[in-house]
Amino acid sequence: MSKKPAIITCAITGHRTTRAIAPVPLTPEEQRTSVEEAVRNGASIIHLHVRGNNGEESLDPERYYEVISKLKQIVPTPIIEITPRGTDRSAQRPVTFERGNLVKISSAMWGNKAELKPEMCALNLSTRNIDEKTIILNPPSEIRDQIERIYSLGLIPRCDVYDLGDIRVALGLLEKGILREPLHFLLILGSYSGIGATSQELEYMVKYLPEQCHWTALGTGSRYNSFIAEQAILLGGHIRTGFEDETYISKGRKANSNAELVANLKTLCEKLGRPIATSEQARQILGVQQSPQQQLASLL
């Protein structure tokens, strides 16, 4: 088993989890507190969705700016991964349509301030059924446009892959020079229309990843996440948790916070003999360095 530090990503909010399901942090202040607690417990990457004052998902760049400006004040500062995914509410339909590239990311999301720029951006690569009533749309032309936008802003795309076909799409984009090495992957197992959540299926996906890449594995829901995290730790990958992905800390007991979910994975790593990456170690492993402005801001 690899002894390199495992990087824990925490998806603190998501765009679908409600307060009826979990104590998900909604306001900028709540999100900052949740991130501080998660970082203290071992998280070094924060996957960020934002919400409006009414608790619903927000696509407003100003709202991203409010949150990011608070998160960049945290010491140590975690890597921030924004996401352009959201629900398309432009028309009434019998099913819900999401778009992985709904938000056209821009520097307005961090107030056009270099010291507040996030480091990563989630990238959806396929159109698929999310559940019986939800479809996520990702036309190839929109994917290519979003990749160009991500790179032009100096961010790193992390490819969300639900099955082997998504990996093939990423490798095709790499071959065409649209994506650049090293690739970053989030392997999502156990989703409605994706690959299952067994150790064999995780190994199968990892087998087809390029040698020079970074990968994180996620089991969808509390039913799968701890098991897939354990398998990823053993295979040398990185792991993810948070209220976007799961809400139970153990069978029959809901988590009180994102920090509790992160601490659960940290304990799992310790049990398996795998160290946890600090924020600085995560930056070194992934090749994600703070800008001079960010370094100066962290000292103030």
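Within segment 175-201, residues that are over 20 Å from Cys213 (Cα atoms) and in contact (Cβ under 8 Å) with a residue 60 or more places away in the chain have Cβ atoms under 9 Å from residues that are surrounded by 20 or more Cβ atoms within 10 Å (Cβ to Cβ) and of a type in the set (A, V, I, L, M) in these pairs: Ser191/Ala197; Gly194/Val161; Gly194/Ile188, counting only partners at least 6 apart in sequence or on another chain.
Residues in segment 119-145 that are in contact with a Leu (Cβ under 6 Å, 6 or more places away or on another chain) and more than 16 Å from Ile105 (Cα to Cα): Thr127 alone. Any idea which residue in segment 77-97 is nearest to Glu56 (Cα to Cα), counting only those that are within 17 Å of the chain's Cα centre (by Cα) and not hydroxyl-bearing (Ser, Thr, Tyr)? In this case the residue turns out to be Gly86.
Taken over segment 100-121, the criterion of being out of contact with any helix residue (DSSP H, G or I) (no Cβ under 7 Å at 6 or more places or on another chain), crowded, with 18+ Cβ neighbours inside 10 Å and at pLDDT 95 or above is satisfied by Glu119, Met120.
Suppose the filter is in contact (Cβ under 8 Å) with a residue 12 or more places away in the chain and within 21 Å of Glu244 (Cβ to Cβ); does Ile147 pass it?
Numbers: in contact (Cβ under 8 Å) with a residue 12 or more places away in the chain: yes; within 21 Å of Glu244 (Cβ to Cβ): no.
Judged against the criteria, Ile147 is not a match.
Among residues of segment 271-300 that are on the phi > 0 side of the Ramachandran plot, those with a beta-carbon under 9 Å from a residue that is assigned to a loop (DSSP other than H, G, I, E, B) and at pLDDT 95 or above at least six positions away or on a different chain give the pairs Gly287/Pro182. Scanning segment 26-56 for residues that are part of a loop (DSSP other than H, G, I, E, B), under 25 Å from Ile105 (Cα atoms) and within 16 Å of the chain's Cα centre (by Cα) gives His49, Val50.
Considering segment 191-212 alone, what residues qualify as being part of a loop (DSSP other than H, G, I, E, B), within 27 Å of Arg180 (Cβ to Cβ) and either of a type in the set (A, V, I, L, M) or modelled with pLDDT of 95 or more (or both)? Those that are part of a loop (DSSP other than H, G, I, E, B), within 27 Å of Arg180 (Cβ to Cβ) and either of a type in the set (A, V, I, L, M) or modelled with pLDDT of 95 or more (or both): Ser191, Gly194, Ile195, Tyr208, Leu209, Pro210.
The values are calculated or read from the model by the stated rules, or taken from the named source; none is laboratory data. None of these values were measured; they are calculated from a predicted model. For neighbour counting, all protein chains shown are included, and Cβ atoms are generated from backbone atoms with ideal geometry for every residue, glycine included.
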